[in-house]
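Trainee: Let me begin by handing over the structure; questions about it come next.
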Amino acid sequence: MTKQITFIVGSLRKDSFNKTLANYIIEKLSKIDFKIEFASIGDIPLMNQDIEFPAPVAVSTLRTQVENSDALWIVSPEYNGTIPGVLKNALDWLSRPVQQGTFGAPEFLINKPVAISGAGGKDAAAGFIHDLVKLMKFMGLAPFEETVGLQIPTEAFMTNKFELSDEQKAKIDKQIQDFIDSLDEKN
């Protein structure tokens, strides 16, 4: 049975290093029986209860993608040692009630599996990963234990090209296999 995975990248930059990482993961998963979809978070307005109902179109689209997926995979850099604002904003919208007068996270979020990867500077996105795992649990999602943070080599910042090393590919490949195994166990 084909599983649908929704990817969310926490960087809006067209040639983002984390988009490169996400594309590597997607290429690997696409060779197996997975349907992959990117969620666009760049057009989501800032969370504001004054515009919450009805939800803006970009928010409704994101909610539908997440609801229809079997799992999420979030790939992101860290900004100032934590979750980038654009990603946090999208997650804030996801955590809000879908219908006016209801409370709590939407049912479709509860126990939804989430894989987390990130590429960053010398701390290898450790602050982002730590904070995102905590946030995912608070929101009722089920983050996988296996997270991967990669350090972006200095040359990448000079050339604007992030080439994954063999060692980094091995870490991601292990995370991909653990992700597949965990999803198989859930069925």
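Trainee: Could you check the spin-label model distance between Ala105 and Ala170? Points 7 Å from the Cα along Cα→Cβ, value in nm.
Mentor: 3.4
Trainee: A further question on this structure: What are the extents of the Cα atoms of the chain along their three principal axes, listed from largest to smallest and rounded to whole Å?
Mentor: 51, 38, 25
Trainee: Something else: Skip the ligands, DNA and RNA, and give the accessible area per residue of the stretch 61-187 with a 1.4 Å probe, whole Å².
Mentor: Numbers: 6540 Å² over 127 residues.
For the stretch 61-187, the solvent-accessible area averages 51 Å² per residue.
Trainee: Towards the positive end of the charge dipole of the stretch 35-180, with charges on Cβ (+1 Lys, Arg; -1 Asp, Glu), say which of Leu164, Gly120, Leu94 has the farthest Cα.
Mentor: It is Leu94.
Trainee: Report, in degrees rounded to the nearest 10, the 0 to 90 angle that the Cα long axis of helix 166-185 makes with the longest principal axis of the chain.
Mentor: 40
Trainee: Would you work out the charge dipole size for the stretch 22-180 about its Cα centre, treating the Cβ of every Lys and Arg as +1 and the Cβ of every Asp and Glu as -1, and quote it to the nearest 20 debye?
Mentor: On the way: 14 positive and 21 negative charges, 14 e Å.
For the stretch 22-180, the charge dipole is close to 60 debye.
Trainee: How tilted is helix 57-68 with respect to the longest principal axis of the chain? Cα atoms for both, answer in degrees (0 to 90, nearest 10).
Mentor: Taking Cα atoms only, the helix is inclined about 70 degrees.
Trainee: Here is a follow-up. With an 8 Å cut-off on Cα pairs and a minimum separation of 6 or more residues, tell me the relative contact order of the stretch 36-163 in percent. It would help to have the intermediate numbers written out before the result.
Mentor: Values: 188 pairs, mean separation 30.3, N = 128.
It comes to 24 percent, rounded to a whole number.
Trainee: Also, quick follow-up: Counting other Cβ atoms within 10 Å, keep those with at most 13, restrict to DSSP loop, and tell me which trypsin sites (Lys or Arg not before Pro) in the stretch 46-134 are left. Kindly include the intermediate steps, with their values, before the conclusion.
Mentor: Working: sites: Arg63, Lys88, Lys122, Lys134; in loops: Lys122.
Filter output for the stretch 46-134: Lys122.
Trainee: Please give me, ordered by residue number, the chymotrypsin sites (Phe, Trp or Tyr not before Pro) of the stretch 72-124 that lie in loop per DSSP and have at most 12 other Cβ atoms within 10 Å. Display every interim value, and only then the final one.
Mentor: Numbers: sites: Trp73, Tyr79, Trp93, Phe103, Phe108; in loops: Phe103.
Passing both the DSSP loop test and the Cβ count: Phe103.
The values are calculated or read from the model by the stated rules, or taken from the named source; none is laboratory data. Just so we're clear, the structure is a prediction, and the values are computed from it rather than from any experiment. So basically every Cβ, Gly included, is an ideal-geometry build from the backbone, and we count neighbours across all protein chains shown. The accessibility values were calculated without ligands, DNA or RNA, using every heavy atom of the protein model including side chains. Shrake-Rupley method; radii C 1.70, N 1.55, O 1.52, S 1.80 Å.
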